[in-house]
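Student: Below: one structure in structure tokens.
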């Protein structure tokens, strides 16, 4: 009797699992709207929005409302090898439920695409946009494994190059001489922090400069623990090969 009951329960569990696997993942029902064609100037940036509409009786996760939150958050990105980078500037506020902020219905993510100076000017590139999401059902409560939904963004690199921007991270005590940096590192017994960056022609470099290197605590750490070297273009070959 016990063996028969165990077999019956095992069959029911396996049957339910097979049905769940056979059904379409509900995240694939999320409606995704965005401007599919954008123009990015050489070394510049361009803003665009992605609106996600979650199907009824489901929700996705936006952020952790408390330190106890551990849900997998919705992320939108593009592969680094595409020659572009995405930075999220704003996401929907959502609604707090327990330790998480969730989105039901429609919400808009504001993004900035940045040129990484890898793609030739005048080129049109089809870039995969990857949306990683975990969707959960409200009633009955059920969370599905996270999946990545892929869409295509067509980026045309054209227009006037951004060539008049200067570095704002003057808190870091940079040297631009390779030989001086090596000499200082030996005398102070420190490592060299070598930065290959050009905010004049690289959108991502501007973000690094304004959001990271301009922070006092970051500058203090670099100045104390390293010899900061802002590598001149003519010395790139000393650090990059292949």
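The values are calculated or read from the model by the stated rules, or taken from the named source; none is laboratory data. Nothing here was measured: the structure is a model prediction, and the numbers come from that model. Cβ placement follows ideal geometry from the backbone for every residue including glycine, while neighbour counts extend to all protein chains displayed.
Student: Working only within the stretch 147-181, note down all residues that are farther than 17 Å from residue 196 by Cβ, surrounded by 15 or more Cβ atoms within 10 Å (Cβ to Cβ), touching a strand residue (DSSP E or B) at 6+ places or on another chain (Cβ under 9 Å) and at pLDDT below 90.
Tutor: Residue satisfying the conditions is 162 alone.
Student: Given the criteria assigned by TED's automatic domain parsing to the domain that holds residue 137, over 28 Å from residue 127 (Cα atoms), surrounded by 12 or more Cβ atoms within 10 Å (Cβ to Cβ) and modelled with pLDDT of 95 or more, does residue 75 qualify? Before you say what the answer is, go through the steps one by one.
Tutor: On the way: assigned by TED's automatic domain parsing to the domain that holds residue 137: yes; over 28 Å from residue 127 (Cα atoms): no; surrounded by 12 or more Cβ atoms within 10 Å (Cβ to Cβ): yes; modelled with pLDDT of 95 or more: yes.
Spelling it out, it is not the case that residue 75 is assigned by TED's automatic domain parsing to the domain that holds residue 137, over 28 Å from residue 127 (Cα atoms), surrounded by 12 or more Cβ atoms within 10 Å (Cβ to Cβ) and modelled with pLDDT of 95 or more.
Yes/no matrix, rows are residues, columns are (1) more than 19 Å from residue 207 (Cβ to Cβ); (2) touching a helix residue (DSSP H, G or I) at 6+ places or on another chain (Cβ under 9 Å); (3) at pLDDT 95 or above:
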site	(1), (2), (3)
49	no, no, yes
59	yes, no, yes
79	no, no, no
88	no, no, no
96	yes, no, yes
101	yes, no, yes
108	yes, no, yes
122	yes, no, no
143	yes, no, no
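Student: Do we find that residue 43 is modelled with pLDDT under 95 and surrounded by 13 or more Cβ atoms within 10 Å (Cβ to Cβ) in this structure? It would help to see each step written out before you state the result.
Tutor: Working: modelled with pLDDT under 95: yes; surrounded by 13 or more Cβ atoms within 10 Å (Cβ to Cβ): yes.
So residue 43 passes the test.
Student: Additional query: Those residues that are over 13 Å from residue 230 (Cα atoms), in contact with a strand residue (DSSP E or B) (Cβ under 9 Å, 6 or more places away or on another chain) and not in a strand (DSSP E or B), I need them from the stretch 184-197; list them, please.
Tutor: 184, 185, 188, 190
Student: Something else now. I'm told residue 170 meets every condition in (1) outside the structural domain of residue 57 (by TED's automatic domain parsing); (2) touching a helix residue (DSSP H, G or I) at 6+ places or on another chain (Cβ under 8 Å) except one. Can you identify the failing condition by its number?
Tutor: (2)
Student: Only one of these conditions is not met by residue 130: (1) modelled with pLDDT of 85 or more; (2) outside any helix (DSSP H, G or I); (3) surrounded by 18 or more Cβ atoms within 10 Å (Cβ to Cβ). Which number is it?
Tutor: So residue 130 meets the others, but not (3).
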